[in-house]
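Have a look at the structure below, then the notes.
The values are calculated or read from the model by the stated rules, or taken from the named source; none is laboratory data. This is a predicted model, so every value here is computed, not measured. Counting neighbours? That spans all protein chains shown, and the Cβs are built from the backbone with ideal geometry, glycine included. Areas reflect the complete protein model, heavy atoms only, side chains present, ligands, DNA and RNA absent. Shrake-Rupley method; radii C 1.70, N 1.55, O 1.52, S 1.80 Å.
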Amino acid sequence: MKRKLISEFWGDEKNPDRKAEIYHNQIYDHFEVDFYNKTELKETRDMKTDGVIHSLRYAEDAAENWCLGYIP
């Protein structure tokens, strides 16, 4: 899979072990977010729903929500 790292997010003092990385999947032309707890990859989430491709802003919101603990 060909992916390009766009940005990284880190947890706050309440969630210091959380990290998220936003990638652009260059083959399928959409964003993906990797959710980490410590160094363990918990999930890679495609930023599309029912065939609708979401924006970079949507991916940034998902990354921030993970890092702040809103996504369990």
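Couple of notes before you dig in:
- Every pair of residues 6+ apart whose Cβ atoms lie under 7 Å, when the first sits in the range 54-66 and is closer than 19 Å to PRO16 by Cβ while the second is assigned to a loop (DSSP other than H, G, I, E, B) and open to solvent by less than 60 Å² (accessible area, probe 1.4 Å): ASN65/ILE71
- For the range 1-32, the set of residues classified as free of Cβ contacts under 8 Å to residues at least 12 places away in the same chain and not hydroxyl-bearing (Ser, Thr, Tyr) consists of GLU13, PRO16, listed by residue number.
- Residue match in the range 60-71 (condition: open to solvent by less than 70 Å² (accessible area, probe 1.4 Å) and β-branched (Val, Ile, Thr)): yes
- Residue match in the range 33-48 (condition: out of contact with any His (no Cβ under 7 Å at 6 or more places or on another chain), in contact (Cβ under 8 Å) with a residue 24 or more places away in the chain and open to solvent by less than 60 Å² (accessible area, probe 1.4 Å)): yes
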